[in-house]
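Structure first, then comments.
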Amino acid sequence: MQGVDPAWLPDGAFRPIGTRRTLIRGTGPLVDTVRGEVTEACARFGGAVVQDDPDLVLELTGEDDGGEAFTCGRRDGCTTVTATGARGLLYGFFHVVRLGEAAFLGETEPQHHRPELALRMLDHWDNVAVHPVMGQVERGYAGGSLFWADGRARGDLERVRAYGRLLAACGINAVAVNNVNVHAAEARLLTDRIGEVADIAGALRPYGIRTHLSVTFAAPVVLGGLETADPLATEVREWWAGAAARVYAAIPDFGGFVVKADSEGQPGPFAYGRSHADGANMLAAALAPHGGTVHWRAFVYDHRQDWRDRSTDRARAAYDHFVPLDGEFADNAVLQVKHGPMDFQVREPVSPLIGAMPGTRLAVELQATQEYTGQQRHVCWLGPMWSEVLRCEIAEGSPVGALARGGLVAVSNVGDDLFWTGHPLAQANLYTFGRLAWEPGADPHRILDEWIRLSFGAGPGSGPAAGLRSILDGSWRTYEKYTAPLGVGFMVQPGHHYGPSVDGYEYSPWGTYHFADRDGVGVDRSVASGTGYAGQYAKPWAELYESPETCPDELLLFFHHVSYDHMLKSGKTVIQHIYDTHFEGVAEVEAAREVWGSLVGLVDPARHARVAERFEEQLRSAREWRDQVNSYFFRKSGVPDERGRRIY
Ligand code: GCU
């Protein structure tokens, strides 16, 4: 698209295909998409779509069975992609794009590729109207919404189509187009404004992406004029069944509903004395005749907690609410669980709920939008964190990536910004998410290299690749170093969540405390003396987290309240660790900024300028974090820095 950053699909990525002869077999809309892609590449680079003597065959074998798998191999000078489903052919085509020239070298046995997770989804927290406090995109750091402008669906959906193309190229197949906090205007997308959703769905469909909608549980009341939204009331069930039927009349391949209920003030079944399973199953029943799914979010906790109340622990809430309901959810109800028990902090343990609901289809929710990880002003590549989560065997022998039978979801980091994600390097998070959703066990560093090669046209060790890798690779740990220490979380400015405020949430109702005093810091979540949260885990995690002696350093303050002179496994005291990491974190940002400076001339000037500008802000902010956190703990503890560095 003119004027918009090409992200990981620059024209040059299509040269290897565009210079060759491609034979395409099969019919249908997605095959047409593939044919259109190849035709355009050939027009640009001189190749051709041919009937014989091809270098590349892209073949849909037989009737489209809806599958997403494909087989790719190379023999006798010809590369062949076959698929039994048109979606599979589309993914096979982008597989060849990702391979680049390598797809046309030597011989390779046919290899079968299939996504490990059937649902790979982005949730947009986009509002149709601009919300007075949250702006248009809640927790959005990349401008306005891609989908909505001037109070309605964009008339020109070319950008949405280009977005669908980027998503298909990294394997994403579902998008929810509005915020989980459903305000008045957005509620009506379900009913009289469904035509606007259908337009967006129409722009995403050619790239194999299904559209989902966030709905309000109170819809029968606020839209239907009923007196109740009780999920067991016949008129309510009928209302939803009718609403779902009308949605499917407008969007036959509609994916389903996303629901945030009884959470942070959103309406839900509790008002009627019903359970979350009652609520979810009622919506599941309305969607079932049409093949749709309800994504019911597990982010349920008391957001009006009294900070004096030490018996309530927000970390426990999702487990306490949902584990008793295991086995009660309908087959087409998916429980969507945030990967950690709190709220997308830079470091959290894996949510114990994920290992404790074997009778429920779970989707795991990640946050690509960097609400608590630098808001796309800081470089923070989340690949290693997500990979750690997905590989963690939270239930015996089962990694999170396998337990997420209902799919992997990320809150989108995209807006109408020219670079899609505000910070151009935040595109790496979106790409990595898609690739990990396809293959949760994949090595994130290999994905990063792939992203660099596609986006910057350089192989490892050449051009800007080494510099980019060094900037992104450790950026999550760098961010962790200069922000809240040892898993304790938050310490952010209330409301917008950007920048440090150590006590910002300490006496608030949100349930996110660090309990620092003159002697120590951290939250005792042990069974022996604390909130008992550690006991929500299966073995070996419950035992590991229970004691400060065995708890991993990086989560120590999440699970324990310890004194400042407590000795970490690293051999440092907690207080010295806080000082050291905060100085190191800033030094690492300074070094990354230098590396970026050295890439001038090697990367597109507009990208270079945007990232350079963001690095200035990251460095300013990192210094602020360092100085506020270090000064705070120096003043509380009175313990000086061993190395005598400047603390205020
Ligand atoms: C966080 C975030 C909210 C969001 C909520 C959610 O609390 O700050 O903006 O609505 O998560 O996931 O529902």
- Query: Can you tell me how many residues in the range 122-159 are buried (at least 19 other Cβ atoms within 10 Å of the Cβ), out of contact with any Asp or Glu (no Cβ under 9 Å at 6 or more places or on another chain) and hydrophobic (A, V, I, L, M, F, W, C)?
  - Reply: 1
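Might you let me know whether the range 294-308 holds any residue that is over 26 Å from Gly340 (Cα atoms), at pLDDT 95 or above and small (Gly, Ala, Ser)?
no
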- For the range 113-178, list the strands (runs of 3 or more DSSP E) that sit wholly inside it and hold at least 1 residues that are away from the ligand (no atom under 16 Å from the Cβ); which are they? 120-123, 126-131, 174-176
- Query: Got a number for residues in the range 28-55 being closer than 15 Å to Tyr91 by Cα and surrounded by 19 or more Cβ atoms within 10 Å (Cβ to Cβ)?
  - Reply: 6
- Message: Here is a check on your reading of the model: is Ala103 within 16 Å of the ligand (Cβ to nearest atom), under 24 Å from Trp451 (Cβ atoms) and aliphatic (A, V, I, L, M)?
- Response: no
- Message: Checking the conditions here, which among Arg210, Arg237 is of a type in the set (Lys, Arg) and either closer than 21 Å to Asp253 by Cα or free of Cβ contacts under 8 Å to residues at least 12 places away in the same chain (or both)?
- Response: Arg210
- Mind checking which residues of the range 200-253 are assigned to a helix (DSSP H, G or I) and polar (S, T, N, Q)? Thr234
- Query: Taking the range 599-625 as the search range and keeping residues that are touching a strand residue (DSSP E or B) at 6+ places or on another chain (Cβ under 9 Å) and crowded, with 19+ Cβ neighbours inside 10 Å, which one is farthest from Tyr141 (Cα to Cα)?
  - Reply: Trp625
- Message: Name the residue that is farthest from the ligand (Cβ to nearest atom), counting only residues in the range 336-394 that are at negative phi and of a type in the set (Phe, Trp, Tyr).
- Response: Trp381
- Which residues, counting only those in the range 239-292, are among the polar types (S, T, N, Q) and within 16 Å of the ligand (Cβ to nearest atom)? Ser263, Gln266
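Just for the range 266-292: of the residues that are within 23 Å of the chain's Cα centre (by Cα) and under 27 Å from Tyr319 (Cβ atoms), which one is surrounded by the most Cβ atoms within 10 Å (Cβ to Cβ)?
Within the range 266-292, the subset within 23 Å of the chain's Cα centre (by Cα) is 266, 280, 292.
Next, only the ones that are under 27 Å from Tyr319 (Cβ atoms) stay: 266, 280.
Details: Gln266: 19, Ala280: 29.
My answer is Ala280.
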- Task: State all residues of the range 283-310 that are touching a Phe, Trp or Tyr at 6+ places or on another chain (Cβ under 9 Å) and assigned to a helix (DSSP H, G or I); if no residue qualifies, say none.
- Result: Leu283, Ala284, Ala285, Ala286, Leu287, Pro289, His290
- Item | Close pairs (8 angstrom Cβ cut-off, 6 or more residues apart or separate chains): surrounded by fewer than 17 Cβ atoms within 10 Å (Cβ to Cβ) in the range 178-192, among the β-branched types (Val, Ile, Thr) anywhere | Ala184/Val222; Ala185/Val128
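Going through the range 244-261 one residue at a time, which ones are over 29 Å from the mean Cα position of the chain (by Cα) and in contact (Cβ under 8 Å) with a residue 12 or more places away in the chain? Show your work before the answer.
In the first step, residues of the range 244-261 are kept if they are over 29 Å from the mean Cα position of the chain (by Cα); the result is 245-246, 249.
Ala245, Arg246 - these are the residues of the range 244-261 that are over 29 Å from the mean Cα position of the chain (by Cα) and in contact (Cβ under 8 Å) with a residue 12 or more places away in the chain.
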- Message: Would you confirm, using the coordinates I've provided, whether Gly407 is in contact with a strand residue (DSSP E or B) (Cβ under 7 Å, 6 or more places away or on another chain), touching a residue at least 60 places away in the same chain (Cβ under 8 Å) and farther than 30 Å from Gln2 by Cβ?
- Response: yes
- Message: Give me the helices (runs of 4 or more DSSP H) completely within the range 541-648, filtered to those with at least 2 residues that are closer than 23 Å to Ser475 by Cβ, ordered by residue number.
- Response: 556-559, 574-598, 605-637
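The values are calculated or read from the model by the stated rules, or taken from the named source; none is laboratory data. The structure displayed is predicted, hence computed values, not measured ones. Here the Cβ is made from the backbone with ideal geometry for all residues, glycine too, and neighbour counts use every protein chain on show.
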